[in-house]
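K.L.:
What follows is a single structure, and I will ask about it in a moment.
The values are calculated or read from the model by the stated rules, or taken from the named source; none is laboratory data. As the structure is a computational prediction, the values presented were derived from the model and not from experiment. Every residue, glycine among them, receives a Cβ derived from its backbone with ideal geometry; neighbour counts consider all protein chains shown.
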Amino acid sequence: MTNYIMPAEWERHSATLLAWPHNKEDWPDKFAPIPWVYGEIIRYLTQVERVALLVRNEKEKAQAIDVCERAGADTARIDFHIIPTNRIWMRDSGPIIVKDAYGKKSMLDWKFTAWAKYSNHKLDDKVPSSLNESWNLPRVQPMHNGKRVVLEGGSIDVNGKGTLLTTEECLLADVQVRNPSFTREDYEEVFAKYLGISQVIWLENGILGDDTHGHVDDITRFVKVDTIVTVVEKDKGDANYDLLKDNVKRLKTARDQNSRQLNIIELPMPRPVVFEGQRLPASYANFLIANDLVLVPTFNDPADRIALNILAELFPKSQIVGIHAVDLVWGLGTIHCMSQQIPY
């Protein structure tokens, strides 16, 4: 029996965790606008909750304050933590905060291996333990069969009541790059023990251009306990068409923790975003749910308005804000990837 439950993202936050951008290799030849995108995101977040912001040193802290002030953010609502990082993708390298039956919080410190892609990830792997010097929460390193479990927050999405979304491409691909000996059953045991999950919905593949091997937060998200949004591609000639059609098919036959059918809402995909010949993982599903606020990546696309309107109907009490993400997505992630919610 589990001792923990991972709250849904729409449950009230005490803060959103971010890390100030610094690795120019993540946005080669396009880094200059990125801090200003962060400033805009932080401007909106500080209107509704605190921001826990990682910076590498005092100089970077001063730079962040300058940008945020000029962008109109409430810097009094930013809690700075001087913690060195390799990259800024807090959804994956940051901690996941869970609660017990009495509402007491604990920090899950998963092993982080930079998507089995980069060798320089040791600083990122230490982010949860470094943060906990300030937060002082019970810190748990999830284990299975005697080994520390590798898991990124972008590979899962939950409804807070026992159902989890993930993809086979990410966790069960033929070439297993995270937990090589793990089976479907191993993951489900881990999810049950550490996240309070009794039902796992396995989708097959993520979108083209996603270098994380199919993170679910680029394709399919819970927006209510019983409601899921999932991106679809209308162009039959697009490489994502069949992949996303299969996901919809799986979702329509899926059941939640109470064996009930879920409401499935389709989100459009923007037209392909390509830079230097590379297809980028542009998706409206990579939105962040904050307190009475939803930040949605937009791509100068006619479908921007459609996606924003769909999400506005699903979150009628929240402000729905589009954040221009054409530059941001060159880093192969957008708003959800860069953030991690910290529940009350």
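K.L.:
What residue, among those in the range 127-147 that are without any contact (Cβ under 8 Å) to a residue 24 or more places away in the chain and not in a helix (DSSP H, G or I), is farthest from F80 (Cα to Cα)? Please lay out each step first, then the result.
P.N.:
First, the residues of the range 127-147 that are without any contact (Cβ under 8 Å) to a residue 24 or more places away in the chain: 129, 133, 136, 143, 146.
From the residues that got through so far, the ones that are not in a helix (DSSP H, G or I) too are 136, 143, 146.
Working: N136: 16, M143: 30, G146: 35 Å.
The residue in question is G146.
K.L.:
Give the range 207-221 a look and list any residue that's crowded, with 20+ Cβ neighbours inside 10 Å and touching a residue at least 60 places away in the same chain (Cβ under 8 Å), or say none. Give the derivation first.
P.N.:
So in the range 207-221, the residues crowded, with 20+ Cβ neighbours inside 10 Å come out as 207, 210, 212-221.
The answer is I207, D210, T212, H213, H215, V216, D217, D218, I219, T220, R221.
K.L.:
Further question on the same structure: Within the group L267, L262, which residue is of a type in the set (A, V, I, L, M) and over 23 Å from G237 (Cα atoms)?
P.N.:
Only one candidate qualifies: L262.
K.L.:
Separate question: Kindly establish whether G237 is in contact with a Gly (Cβ under 8 Å, 6 or more places away or on another chain), of a type in the set (G, A, S) and assigned to a loop (DSSP other than H, G, I, E, B). Full working, then the answer.
P.N.:
Working: in contact with a Gly (Cβ under 8 Å, 6 or more places away or on another chain): no; of a type in the set (G, A, S): yes; assigned to a loop (DSSP other than H, G, I, E, B): yes.
So G237 does not fit the description; no.
K.L.:
Check V229 against each of (1) closer than 22 Å to L108 by Cα; (2) touching a Leu at 6+ places or on another chain (Cβ under 7 Å); (3) outside any loop (DSSP other than H, G, I, E, B) and name the one condition it does not meet.
P.N.:
(1)
K.L.:
Quick one: in the range 1-12, of everything that is in contact with a strand residue (DSSP E or B) (Cβ under 7 Å, 6 or more places away or on another chain) and closer than 15 Å to M107 by Cβ, which residue is surrounded by the fewest Cβ atoms within 10 Å (Cβ to Cβ)?
P.N.:
Checked the range 1-12; the qualifying residue surrounded by the fewest Cβ atoms within 10 Å (Cβ to Cβ) is I5.
K.L.:
For residues that are touching a Leu at 6+ places or on another chain (Cβ under 8 Å) and either surrounded by fewer than 12 Cβ atoms within 10 Å (Cβ to Cβ) or part of a loop (DSSP other than H, G, I, E, B) (or both), tally how many sit in the range 240-259.
P.N.:
Qualifying residue count, the range 240-259: 2.
K.L.:
Still on this structure, please answer the following. Identify all residues within the range 295-332 that are surrounded by 22 or more Cβ atoms within 10 Å (Cβ to Cβ), of a type in the set (G, A, S) and either touching a helix residue (DSSP H, G or I) at 6+ places or on another chain (Cβ under 8 Å) or part of a strand (DSSP E or B) (or both); write none if there are none.
P.N.:
Within the range 295-332, A325, G331 qualify.
K.L.:
Of the residues W115, W135, only one is farther than 25 Å from T230 by Cβ and aromatic (F, W, Y); which? Spell out how you get there, then give the answer.
P.N.:
On the way: W115 fails: farther than 25 Å from T230 by Cβ.
Going through W115, W135 in turn, the sole match is W135.
K.L.:
Check the range 223-235 and report whether any residue there is surrounded by fewer than 17 Cβ atoms within 10 Å (Cβ to Cβ), at pLDDT 95 or above, within 21 Å of R255 (Cβ to Cβ) and not β-branched (V, I, T).
P.N.:
yes
K.L.:
Can you tell me which residue is surrounded by the most Cβ atoms within 10 Å (Cβ to Cβ) among those in the range 260-294 that are at positive phi and free of Cβ contacts under 8 Å to residues at least 12 places away in the same chain?
P.N.:
The extreme case among them is E276.
K.L.:
Whether any residue in the range 58-77 is in a loop (DSSP other than H, G, I, E, B), small (G, A, S) and touching a helix residue (DSSP H, G or I) at 6+ places or on another chain (Cβ under 7 Å) is what I want to check. Break it down into steps so the answer makes sense when it comes.
P.N.:
The first filter runs over the range 58-77 and keeps only residues in a loop (DSSP other than H, G, I, E, B), leaving 72-74.
In the following step, the residues that additionally are small (G, A, S) were identified as 72-73.
Next, only the ones that are touching a helix residue (DSSP H, G or I) at 6+ places or on another chain (Cβ under 7 Å) stay: 72-73.
Checked the range 58-77: at least one residue is in a loop (DSSP other than H, G, I, E, B), small (G, A, S) and touching a helix residue (DSSP H, G or I) at 6+ places or on another chain (Cβ under 7 Å).
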